[in-house]
Amino acid sequence: MGTVTTGPVLVTGAAGLIGGWLRAGLPERGWGLRSLDVVPLAEVRPGEEQVVADVTDLAAMVDAAAGASAVVHLAGIATESTWPAISHTNIEGTYCALEAARRAGVPRVVLASSNHATGYTPRPAEGLLAEADAPHRPDTYYGVSKATMEALGSLYVDRYGLDVVCLRIGSAFPEPTTVRQLSTWLSPTDTVGLVDAALTAPSPGFAVVWGVSDNTRRWWDLTAARALGYEPVDDAESFAAALLEVHGQPDPTDPVHTRVGGEYATEVFDAERIEARQPAARDEP
Ligand SMILES: NC(=O)c1ccc[n+]([C@@H]2O[C@H](COP(=O)([O-])OP(=O)(O)OC[C@H]3O[C@@H](n4cnc5c(N)ncnc54)[C@H](O)[C@@H]3O)[C@@H](O)[C@H]2O)c1
């Protein structure tokens with residue numbers, strides 16, 4: 001569709017980590033906010049609309065999407081979990097976000113995908129990895145939900161003419177805390193910039209882009225994200241000396257560093273933890 005309308009942006013999962021960054025940063029870039037989460041916000045900002053709803057409640061989502069200019073869909077389980085939990089919250093939730101946008105006439109949806117949609121993809125021998133060279137090779141049920149998210153987005157572009165931008169987010173945290181994250185970090189500032197670019201790019205159609213900062217050690221190509229208008233300002237390298245002092249130099253043959261999904265795509269990322277229903281660290285170890 002390519003039309004940016006003037007209504008607020010409906011942000012699902014607004015009470016979470018990335019939601020908090022967007023709620024602070026998007027208004028500074030001129031966006032109005034309608035913030036939806038299954039839990040109430042700790043504090044509602046001036047001018048912000050709050051919706052307390054479950055993203056898998058399609059009727060509530062259609063109501064929430066009415067008059068919005070775009071949907072930024074973050075809500076879900078942000079790490080590995082059981083299949084019933086992942087399939088319900090992440091896959092059904094993504095369907096509801098897209099279907100609500102379609103029914104409410106919202107022209108654009110930005111989806112919080114993940115590197116784990118393609119986690120078993122190997123690092124190229126040299127150079128940067130383009131999104132098109134990283135097919136779906138999910139490393140977990142969580143990764144399956146993100147591959148499915150991208151597939152659903154593609155369907156809603158081709159069948160219904162929406163614009164859908166999928167962000168294959170790396171490690172979105174206040175700062176990198178592992179050596180791997182020196183490559184995969186997406187800073188809070190760059191998260192806001194990337195979402196803003198996905199909201200404003202003229203007629204993106206269906207787009208899938210990596211979500212990382214301009215890290216010196218990154219091996220995911222930012223050409224496609226930059227084509228949307230993304231201009232990263234941060235580089236994890238400023239944290240490198242301190243992290244390497246604690247953790248040592250990375251072993252370049254370690255699958256943690258040779259597969260897109262890092263630890264999630266290793267044998268030690270154990271099924272036992274899932275069986276025991278113990279949460280892993282959020283998205284990135
Ligand atoms: N942080 C990262 O490094 C990272 C990396 C890749 C992808 N992502 C994706 O980005 C999104 C946001 O991640 P985050 O780090 O902010 O996670 P988070 O856990 O901090 O936030 C998720 C939010 O979704 C809400 N939520 C969960 N189930 C819901 C439901 N049924 N209905 C409505 N709201 C619901 C939670 O209450 C929470 O506020 C997730 O989809 C995650 O998979 C994050």
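The values are calculated or read from the model by the stated rules, or taken from the named source; none is laboratory data. Note that the coordinates shown come from a computational prediction; the quantities given were computed from them, not determined experimentally. Here Cβ is always computed from backbone atoms with ideal geometry, including for glycine, and neighbour counts include all displayed protein chains. Heavy atoms of the whole protein, side chains included, go into the accessibility calculation; ligands, DNA and RNA do not. Shrake-Rupley method; radii C 1.70, N 1.55, O 1.52, S 1.80 Å.
Would you mind classifying the range 1-158 by shape? Square roots of the alpha carbon gyration tensor eigenvalues, ordered a ≥ b ≥ c; an a/c under 1.5 is rounded, otherwise it is prolate if a/b is larger than b/c and oblate if not.
It comes out prolate by the Cα gyration axes.
The GluC sites (Glu not before Pro) of the range 79-157 that meet both conditions, a loop assignment by DSSP and at most 10 other Cβ atoms within 10 Å of the site Cβ, are Glu126. Take every Cα pair under 8 Å whose residues are at least 6 apart in sequence, average their separation, divide by the length of the range 149-258, and the relative contact order is 29 percent. Quick one: angle between helix 141-160 and the longest Cα principal axis of the chain, in degrees between 0 and 90, rounded to 10, please. That works out to roughly 40 degrees. Once all protein chains are placed together, Val52 keeps about 80 Å² accessible to a 1.4 angstrom probe.
For the chain, the relative contact order is 19 percent, taking Cα pairs closer than 8 Å that sit 6 or more residues apart in sequence and dividing their mean separation by the residue count. Taking every protein chain into account, the accessible area of the range 7-51 amounts to 45 square angstrom per residue (probe 1.4 Å). Here the Kirkwood formula, the inverse mean of 1/r across different C-alpha pairs, assigns the range 9-275 a hydrodynamic radius of 18.6 Å. Report, to the nearest 10°, how far helix 188-200 tilts away from the longest principal axis of the Cα atoms in the chain, using its own Cα long axis and a range of 0 to 90°. Computed tilt is about 50 degrees.
If R0 equals 35 Å, the separation of the Cβ atoms of Glu28 and Ala227 corresponds to a calculated FRET efficiency of about 0.90. Measuring nothing but protein heavy atoms, the accessible surface of the chain at 1.4 Å probe radius is 52 percent carbon and sulfur. Compared with the dominant Cα axis of the chain, that is its longest principal axis, helix 93-104 is turned about 30°.
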